[in-house]
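Here the structure comes first, spelled out in structure tokens, and everything after it is commentary.
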Amino acid sequence: MKRLDPLVAIVTGGAGGIGLETVRGLARAGMRVVAGCRDVKKATAGEAWTLDLARLSSVKSFAARALAELPRIDVVVCNAAVWPGPRRKTADGFELAFGVNHLAHFLLVELLRERLVATAAARIVVVSSGLHARGAIRWDDVQLERRYDGADAYAQSKLANVMWTLALARRLAGTGVTANACHPGVVATGLLRHQPPGRWDQGQRLTPADGARPSLHLALAPALATVTGRYFHRLDERKPAPAALDRAAQDRLWSLSQRLVAPHLTQPLHAPDS
Ligand SMILES: NC(=O)c1ccc[n+]([C@@H]2O[C@H](COP(=O)([O-])OP(=O)(O)OC[C@H]3O[C@@H](n4cnc5c(N)ncnc54)[C@H](OP(=O)(O)O)[C@@H]3O)[C@@H](O)[C@H]2O)c1
């Protein structure tokens with residue numbers, strides 16, 4: 001029988017790939033699931049709400065709606081990502097991968113943080129990638145204006161995902177809100193459509209349903225209720241790359257992210273998109 005007050009989850013990029021299967025899995029577990037999507041018409045599971053992570057005003061509208069309509073937020077899965085081809089910018093002028101994969105999720109969680117803490121126990125799951133280990137934060141050119149390669153941009157953003165998760169877990173210590181990151185495996189989704197088979201995966205790609213298992217494990221497993229600040233490769237806890245473990249660098253990324261999204265953090269939340 002369904003609970004009258006179901007637990008509530010938010011999944012970014014919930015209309016396709018691993019995100020759709022994550023929405024389905026959380027709904028199967030009895031949760032009310034909000035799927036944040038660029039195009040709500042594409043969504044086939046959960047409640048589809050407009051969320052364009054390449055536009056921080058959309059992140060704010062989404063957060064405003066969540067705070068207005070969701071009395072509790074038990075799980076946030078930061079799943080959406082892009083792997084850019086040529087260099088492109090978000091509406092706010094950030095390099096696309098850094099802007100969508102990292103900064104927009106940073107802002108979203110900051111805006112939802114009080115509600116998560118009020119709901120606690122709550123869990124934040126950040127879908128990163130094993131490719132974070134190939135990434136570097138280019139502190140002198142974080143928007144990658146001088147030299148651009150889509151794979152480098154993606155790897156930088158996925159390293160930022162892990163560094164942010166670990167910094168977030170430290171800041172949330174004692175609140176009952178956990179933050180963990182994962183690598184879902186190499187999965188046959190649209191993300192890899194321009195990557196030749198075998199480049200990352202010896203030719204084997206998991207199904208999206210299998211790719212969602214790590215996110216679902218981090219979001220739901222009773223054994224992980226208080227586990228925080230960890231990185232999982234599929235279902236196994238692993239040490240992330242050394243660059244991700246550097247606390248001074250995590251804090252530097254935090255300050256930089258805070259500064260870059262500052263106008264959206266300080267101005268009041270406005271009315272939700274229709
Ligand atoms: N596939 C893999 O092998 C693999 C490996 C390691 C890590 N990952 C990670 O797994 C996560 C899910 O990726 P996937 O493989 O499922 O890729 P995918 O099928 O391309 O899904 C990415 C999702 O992100 C959404 N998205 C992209 N830009 C957005 C924006 N501006 N605003 C809102 N949503 C946006 C997409 O929405 P649309 O449907 O509108 O495009 C889509 O739902 C990502 O974090 C990725 O880095 C994947």
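A few comments on the model shown:
- Antiparallel DSSP beta bridges within the chain, percent to nearest 5: 15
- Efficiency of FRET between Thr50 and Arg147 - r from beta-carbon atoms, R0 45 angstrom, step 0.05: 0.85
- GluC sites (Glu not before Pro) within the stretch 63-157: DSSP coil, no more than 13 neighbouring Cβ in 10 Å: Glu145
- Normalised by residue count, the stretch 1-129 yields a Cα convex hull volume of 105 Å³ per residue.
- With neighbour counts taken as other beta-carbon atoms within 10 Å, the residues His233, His105 rank, fewest first, as His233, His105.
- Relative contact order for the stretch 8-266, counting Cα pairs under 8 Å that sit 6 or more residues apart, in percent: 19
- Cα convex hull of the chain - mean projected area over all directions, nm²: 13.9
- Report summary: the helix-based calculation at 222 nm, which adds -39500 (n - 2.57) for every DSSP H run with n ≥ 4 and divides by the residues of the chain, gives -11500 deg cm²/dmol.
- FRET efficiency, 1/(1 + (r/R0)^6) with R0 22 Å, evaluated for Ala118 and Ser57 via beta carbons: 0.30
- Fully extending the segment from Arg28 to Ala68 would add 11.9 nm, taking 0.36 nm per residue of separation and subtracting the current Cα-Cα distance.
- Spin-label pair Ala223/Arg171, simplified geometry with 7 Å Cα→Cβ offset, distance in nm: 3.1
- Residue (of Thr44, Phe94, Val82) at the positive-pole extreme of the stretch 1-99, dipole from beta-carbon charges: Thr44
- Among Leu20, Leu116, Leu220, the residue with the largest mean-square fluctuation in a Gaussian network model of the chain, with springs joining Cα atoms closer than 10 Å, is Leu220.
- Ordering Trp49, Trp139, Trp254 by the number of other Cβ atoms within 10 Å of each residue's own Cβ, fewest first, gives Trp139, Trp254, Trp49.
- Backbone amide hydrogens, once placed in the peptide plane, bring Thr178 within less than 5 Å of Ala122, Arg123, Ile124, excluding anything fewer than 5 places away on its chain.
- Residue order for His102, His264, His132, fewest other beta carbons within 10 angstrom first, comes to His264, His132, His102.
A short reminder: the numbers here are calculations on the coordinates, not readings from a lab. Just so we're clear, the structure is a prediction, and the values are computed from it rather than from any experiment. Every residue, glycine among them, receives a Cβ derived from its backbone with ideal geometry; neighbour counts consider all protein chains shown.
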